[in-house]
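First the structure, then my questions, so here it is.
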Amino acid sequence: MKSIVDTLTVIRNAVTKFEQEHKTEAKVALIGGYAVIFYGIERTTLDIDVCFYSPQENMGKSFYGFLKEYLSPNFKPRFIEASKDPSDPLKHDLIIIDDSEGEYPRIDILLVRYKWELEGIRLAKTIDKLSFPIMPLPYLLAMKLKAGGRKDELDAIEILKSMSGKEIKKARELAKKVGRDRKLHALLKEVE
């Protein structure tokens with residue numbers, strides 16, 4: 001199995017080529033389990049989750065069409081509209097990339113839907129070990145709060161333990177925006 005660095009290189013190169021061919025800006029940031037891991041929280045995960053944004057109209061279908069042409073034949077991208085995936089609490093359009101040869105882990109590309117996600121992706125900092133941007137902790141926490149699964153809740157607790165006071169302040173603001181301020185309050189009590 002290829003490493004996360006190898007997999008993120010495939011994604012980063014695709015985003016760069018998309019920008020060049022479409023003469024547009026594109027942003028991407030690591031989210032999900034691997035983001036949590038790179039913030040120093042112990043966790044296991046099988047897939048790689050990233051968040052993608054481009055100001056292009058129909059960015060999801062446009063990026064999906066590009067990936068079908070750009071990626072090597074072993075990669076099999078699928079496009080899932082938010083309305084077709086009732087299990088997604090964030091209601092994102094999603095591009096899933098599977099490797100038919102099994103060398104790479106599954107890649108889930110969530111397409112930015114909310115202004116606060118766009119803000120987070122723009123604030124994402126590149127981590128040297130990965131040469132890839134990672135979603136800032138308050139925004140990652142907001143995504144976990146919104147997702148609402150048990151694994152997400154456990155991640156949220158661990159994220160809270162590692163956050164600075166300034167980051168917690170921003171997390172409170174974001175939790176209110178996403179309608180999860182009560183949940184954050186309860187988790188903060190649990191952490192204390």
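Can you name every residue in region 26-53 that is under 18 Å from L110 (Cβ atoms) and without any contact (Cβ under 8 Å) to a residue 60 or more places away in the chain?
If the condition is that a residue be under 18 Å from L110 (Cβ atoms) and without any contact (Cβ under 8 Å) to a residue 60 or more places away in the chain, then A26, Y34, I37, T45 are the ones that fit.
Is at least one residue of region 138-148 among the hydroxyl-bearing types (S, T, Y) and crowded, with 21+ Cβ neighbours inside 10 Å? It would help to see each step written out before you state the result.
Residues of region 138-148 among the hydroxyl-bearing types (S, T, Y): 139.
From what's left, crowded, with 21+ Cβ neighbours inside 10 Å: 139.
Among the residues of region 138-148, at least one is among the hydroxyl-bearing types (S, T, Y) and crowded, with 21+ Cβ neighbours inside 10 Å, which makes the answer yes.
Please return the ranges of strands (runs of 3 or more DSSP E) entirely within region 5-80 where 1 or more residues are farther than 26 Å from A147 by Cα and in contact with a strand residue (DSSP E or B) (Cβ under 7 Å, 6 or more places away or on another chain). Explain how you work it out, then say what you get.
Numbers: elements: 27-31, 48-53, 75-80.
Fully inside region 5-80 and qualifying: 75-80.
How many of the residues making up region 18-56 are surrounded by 14 or more Cβ atoms within 10 Å (Cβ to Cβ) and basic (K, R)? Break it down stepwise before answering.
If we filter region 18-56 for residues that are surrounded by 14 or more Cβ atoms within 10 Å (Cβ to Cβ), which is where we start, we get 18-19, 22, 26-39, 41, 43, 45, 47-54, 56.
Next, only the ones that are basic (K, R) stay: 27, 43.
Of the residues in that region, 2 qualify.
Which of the following residues is among the basic types (K, R), over 23 Å from Q56 (Cα atoms) and free of Cβ contacts under 8 Å to residues at least 12 places away in the same chain: R106, R150? Reasoning before the result, please.
Details: R106 fails: free of Cβ contacts under 8 Å to residues at least 12 places away in the same chain.
Only one candidate passes the filter, namely R150.
Name, by its number, the condition in (1) under 12 Å from I95 (Cβ atoms); (2) modelled with pLDDT under 95 that does not hold for C51.
(2)
Which ones in region 1-18 are more than 13 Å from K129 (Cα to Cα) and free of Cβ contacts under 8 Å to residues at least 24 places away in the same chain?
Selection gives N13, T16.
This table checks each residue for (1) in contact with a helix residue (DSSP H, G or I) (Cβ under 6 Å, 6 or more places away or on another chain); (2) within 24 Å of L141 (Cβ to Cβ); (3) of a type in the set (A, V, I, L, M); (4) in the same structural domain as L141 (by TED's automatic domain parsing).
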{"position": "H22", "(1), (2), (3), (4)": "no, no, no, no"}
{"position": "A26", "(1), (2), (3), (4)": "yes, no, yes, no"}
{"position": "D47", "(1), (2), (3), (4)": "no, yes, no, no"}
{"position": "N58", "(1), (2), (3), (4)": "no, no, no, no"}
{"position": "N74", "(1), (2), (3), (4)": "no, no, no, no"}
{"position": "E101", "(1), (2), (3), (4)": "no, no, no, no"}
{"position": "I109", "(1), (2), (3), (4)": "no, yes, yes, no"}
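I would also like to ask the following. Could you list all residues from region 41-77 that are among the polar types (S, T, N, Q), touching a Ser or Thr at 6+ places or on another chain (Cβ under 8 Å) and closer than 17 Å to G102 by Cβ?
Residues of region 41-77 that are among the polar types (S, T, N, Q), as a first pass: 44-45, 54, 56, 58, 62, 72, 74.
Add one more test, that the residue is touching a Ser or Thr at 6+ places or on another chain (Cβ under 8 Å), and what stays is 54, 56, 62, 74.
Within region 41-77, just N74 meets the criteria.
Since N13 meets every condition but one in (1) among the polar types (S, T, N, Q); (2) over 12 Å from Y70 (Cβ atoms); (3) surrounded by fewer than 19 Cβ atoms within 10 Å (Cβ to Cβ), which condition does it not meet?
(2)
I'm told K84 meets every condition in (1) at pLDDT 95 or above; (2) more than 19 Å from the chain's Cα centre (by Cα) except one. Can you identify the failing condition by its number?
Of (1) at pLDDT 95 or above; (2) more than 19 Å from the chain's Cα centre (by Cα), only one is false for K84: (1).
Which condition does E119 not pass, out of (1) surrounded by 21 or more Cβ atoms within 10 Å (Cβ to Cβ); (2) in a helix (DSSP H, G or I), if it passes all the others?
Condition not satisfied by E119: (1).
The values are calculated or read from the model by the stated rules, or taken from the named source; none is laboratory data. This one's a predicted model, so the numbers in the text were calculated from it and none came from an experiment. Cβ: placed from backbone, ideal geometry, glycine included. Neighbour counts: every protein chain shown.
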